[in-house]
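Read-outs throughout are calculated quantities, based only on the coordinates presented, and are distinct from any laboratory measurement. Everything numeric here is computed off the predicted structure, so don't read it as measured data. Glycine gets a Cβ as well: all are built from the backbone with ideal geometry, and neighbour counts include every protein chain shown.
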Amino acid sequence: MEVDEDLEAGLLRQFNCMLTTDKEVLIKELQTLVGAHLNEHTARFYLEMNDWNLQAAVCAYFDLQSFNKLPQMTFVKDITIGEGESVPPSTKFIKTWRIQNTGEEGWPSGCSLVYTGGEQMGAPPCVSVSPLAAGEMTDVSVEMTSPACTGLYSSKWRMTTAQGSFYGDTIWVIVQVDSGGTLALMQQMVNLKELGGSPPPTSITHTTTTTNPFAPTHTQPHHQPNGNLIPPLLPSSPPRPLQDPSLGIQGPVPPSLPNQDEDTGMS
């Protein structure tokens, strides 16, 4: 293993100063030596594996990292809650990022998105992420709750392997908590759409007359040119068949009209 001379000298100075057996101090010192990307769980793993020998733990870490190539991840864009977007206080929202595997190999199983700093805003400490093939993209969502006080808040998240090694870009959520947040208006529009968006009924009452379709039809009598009235034709029974023995023709008998001479008194 090749180590830069300046780095080696710095490590030796820190090793010479390490005369403590406090495990918590050793964990913090290991994180300082190898980088802030090493989380507490992984630092404890390397120290326990080397009987809490700080120098041996550092060497083991770099040796293992040289053999195990970490996955690659690139942040693509914000899907929801863009940078600086306002949210009302104490409001639940879902933050979604789009990320991509920009490496040449697929991700191993057990990868997750982990909260690493800033305002956690009620979010879980980690969210499982399905393994991505090379070049594949996915959307990762975390449910959060905006703080009760107005102001600008940020939260930092990173991808990690099942062994606790961070990789890829650091992704952020930055929200402006404001009583007039745009998220409140969007929720109202969604609720209105779910309710149908119909305006409330007015106080005007329209009267509707229902006609019985089975009631008999009443027609008004018609006037002849001479002023006499022609009584209306009333519904009658079905016409009787007409039989003419001489012609052999059968047919319906048309309804008979009143005798106009009798109505007018003319012969």
Within the set of other residues whose C-beta is less than 14 Å from the C-beta of LEU26, count the net charge using Lys and Arg as +1 and Asp and Glu as -1.
-> -3
Can you pull out the GluC sites (Glu not before Pro) in region 99-183 that DSSP calls coil and that have at most 14 other Cβ atoms within 10 Å?
-> GLU104, GLU105, GLU136
The answer for the net charge of residues other than GLU40 whose Cβ lies under 10 angstrom from its Cβ, with Lys and Arg +1 and Asp and Glu -1, is +1
Computed for region 102-168: size of charge dipole around the Cα centre, +1 on C-beta of each Lys and Arg, -1 on C-beta of each Asp and Glu, debye to nearest 20, value 240 debye
Summed over the other residues with a beta carbon less than 13 angstrom from that of SER141, with K and R at +1 and D and E at -1, the charge totals 0
